[in-house]
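Participant: Structure incoming, see below.
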Amino acid sequence: MNFRSFAAALAATVVMPFAAAQATDLEVTHWWTSGGEAAAVAELAKAFDATGNKWVDGAIAGSGGTARPIMISRITGGDPMAATQFNHGRQAEELAEAGLMKDLTAVAEKEGWKDIIKPASLLESCTIDGKVYCAPVNIHSWQWLWLSNAAFEQAGVAVPKNWDEFVAAAPALEAKGIIPLAVGGQPWQSAGAFDVLMVAIAGKETFEKVFKDKDADVAAGPEIAKVFAAADDARKMSKGSNVQDWNQATNLVITGKAGGQIMGDWAQGEFALAGQVAGTDYTCLPGLGVNEIISTGGDAFYFPVLDDEEKSAAQDVLAATLVAPATQVAFNLKKGSLPVRGDVDLAAANDCMKKGLDILAKGNVIQGTDQLLSADSQKQKEDLFSEFFANPSMTVEDAQKRFADIIASAD
């Protein structure tokens, strides 16, 4: 069965079991506002609307760092939406523990999520005291270097195959007025880039000692010193990328104004929207071409407790619909992410997505820092790397000391 007929067959079988007796409007908040993200979220809305209900879009511009405080304020302030995006992990942990999030355990058991959601850590991130509180929708991995083939052609150098070759090519790019590395001004971008460098340069074991075991001695040690040296290279290479949003930085790569960007696989949605083809117009290097490991973070939807019985019932329908096979295929092909189900056909995936699927199948994965650190510890890390990338006078030694202090007190 080809992909189109497969998807059509799934669509025919997946909508009817969730059909609603009465149409109900549900407001859904999220921070997917770039062109590629908007195209992807439209697939979720289409799938839910097909159940006879109505997705009322509540997009909040400015990425997660801006959106999450607004979402949390509404929930704690007594004005909850019907569903809201968070990343897999601990961002909604306190809300669930406070009884403000709906228990989805019955939906999860009915739909067999424990058997189909892979890796198991995704559903574990949704589980608190044995109860399921969220519906995972994708696997997003941070560990990618996206390169503009046109930029390197203009600079007269071969497209790099790894991080060291990329650093070596920086002078040639700069000589042609091309920014080597695009990094936006949002703090999570520079913090994420550092995490990616850590996996590529120091390896999985060191990454987990720092972020999972909270080993401050390792964080202060020689392996992480090498990572900070690489981060210093990245800082120098990103000078001049005066944009704020991540998708603006991606656009610098798409237009050949920048040589590359360290960014998660959601960048693929922007390349697709621009009509660019993986392997032809741009090149992707998982693990920066050094260490092909991907993280299994991503996005999940939580459902605040509502007094309205009809809306509460419709929340169950939405949760099931988000994880349904046809929804998973349509959404993730647009988003550039991998599906949370291990039983769907992604024959239409591009070269970069296939690389990610292969790495996932081999089990070369780590948990994302959203899953390993509390929101407060994440914020401290973001603040540090935002300052590090913005302030060339901050030494790598001072930055590493502050990083080790953050890990020492992390929870």
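Participant: Pick from Lys379, Lys362: which is more than 18 Å from the chain's Cα centre (by Cα) and open to solvent by 70 Å² or more (accessible area, probe 1.4 Å)?
Facilitator: Step by step, each of Lys379, Lys362 is checked, and only Lys362 is more than 18 Å from the chain's Cα centre (by Cα) and open to solvent by 70 Å² or more (accessible area, probe 1.4 Å).
Participant: Still on this structure, please answer the following. Can you tell me which of (1) touching a Leu at 6+ places or on another chain (Cβ under 9 Å); (2) among the aliphatic types (A, V, I, L, M); (3) under 22 Å from Glu292 (Cβ atoms); (4) surrounded by fewer than 24 Cβ atoms within 10 Å (Cβ to Cβ) is the one Ala202 doesn't meet?
Facilitator: (1)
Participant: Please verify whether Glu382 is touching a Pro at 6+ places or on another chain (Cβ under 8 Å) and closer than 23 Å to Val227 by Cβ, treating the condition exactly as stated.
Facilitator: Yes: the conditions hold for Glu382.
Participant: Same structure again: Let me confirm something: among Ala150, Ala168, Ala155, which residue is open to solvent by 10 Å² or more (accessible area, probe 1.4 Å), free of Cβ contacts under 8 Å to residues at least 24 places away in the same chain and more than 30 Å from Gln91 (Cβ to Cβ)?
Facilitator: Of the residues listed, the single one that is open to solvent by 10 Å² or more (accessible area, probe 1.4 Å), free of Cβ contacts under 8 Å to residues at least 24 places away in the same chain and more than 30 Å from Gln91 (Cβ to Cβ) is Ala168.
Here is a yes/no grid of residues against (1) aromatic (Phe, Trp, Tyr); (2) in a helix (DSSP H, G or I); (3) modelled with pLDDT of 95 or more:
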{"residue": "Ala42", "(1), (2), (3)": "no, yes, yes"}
{"residue": "Ala45", "(1), (2), (3)": "no, yes, yes"}
{"residue": "Pro69", "(1), (2), (3)": "no, yes, no"}
{"residue": "Arg74", "(1), (2), (3)": "no, yes, yes"}
{"residue": "Thr84", "(1), (2), (3)": "no, no, yes"}
{"residue": "Gln91", "(1), (2), (3)": "no, no, no"}
{"residue": "Asp103", "(1), (2), (3)": "no, no, yes"}
{"residue": "Ala106", "(1), (2), (3)": "no, yes, yes"}
{"residue": "Glu124", "(1), (2), (3)": "no, yes, no"}
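Participant: Further question: Pairs under 9 Å by beta carbon, first residue part of a loop (DSSP other than H, G, I, E, B) and exposed (fewer than 15 other Cβ atoms within 10 Å of the Cβ) in region 387-411, partner at pLDDT 95 or above and of a type in the set (A, V, I, L, M), six or more apart or different chains?
Facilitator: Close Cβ pairs satisfying both conditions: Ser409/Ala216.
Participant: Right, something else. Would you call Ala349 under 25 Å from Thr105 (Cα atoms) and either in contact with a Pro (Cβ under 8 Å, 6 or more places away or on another chain) or not charged (D, E, K, R) (or both)?
Facilitator: Spelling it out, it is not the case that Ala349 is under 25 Å from Thr105 (Cα atoms) and either in contact with a Pro (Cβ under 8 Å, 6 or more places away or on another chain) or not charged (D, E, K, R) (or both).
Participant: Ok, one more. Val56 is checked against (1) in contact (Cβ under 8 Å) with a residue 40 or more places away in the chain; (2) open to solvent by 30 Å² or more (accessible area, probe 1.4 Å) and fails just one. What number does that condition carry?
Facilitator: (1)
Participant: Give the residue that is surrounded by the fewest Cβ atoms within 10 Å (Cβ to Cβ), with candidates limited to residues of region 171-186 that are of a type in the set (Gly, Ala, Ser) and in contact with an Asp or Glu (Cβ under 9 Å, 6 or more places away or on another chain).
Facilitator: Checking each candidate, the answer is Gly185.
Participant: Same structure, new question: Touching a strand residue (DSSP E or B) at 6+ places or on another chain (Cβ under 7 Å) and buried (at least 22 other Cβ atoms within 10 Å of the Cβ): does that describe Val210?
Facilitator: Judged against the criteria, Val210 is not a match.
Condition check ((1) over 22 Å from the mean Cα position of the chain (by Cα); (2) aromatic (Phe, Trp, Tyr)) across all residues:
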position	(1), (2)
Ala59	no, no
Ser63	no, no
Thr66	no, no
Met71	no, no
Pro80	yes, no
Phe86	no, yes
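Participant: For Leu318, which of the numbered conditions (1) in contact with a strand residue (DSSP E or B) (Cβ under 8 Å, 6 or more places away or on another chain); (2) closer than 22 Å to Phe194 by Cβ fails to hold?
Facilitator: Here Leu318 clears every test but (2).
Participant: Condition test on Gly177, is it without any contact (Cβ under 8 Å) to a residue 12 or more places away in the chain, over 25 Å from Ala92 (Cβ atoms) and either among the polar types (S, T, N, Q) or not in a strand (DSSP E or B) (or both)?
Facilitator: Yes; evaluated as a whole, the condition is true for this residue.
The values are calculated or read from the model by the stated rules, or taken from the named source; none is laboratory data. Here the structure is a predicted model, which is why all the values come from computation and not from measurement. Every residue, glycine among them, receives a Cβ derived from its backbone with ideal geometry; neighbour counts consider all protein chains shown. Side chains included, ligands, DNA and RNA excluded: accessible areas come from the protein's heavy atoms. Shrake-Rupley method; radii C 1.70, N 1.55, O 1.52, S 1.80 Å.
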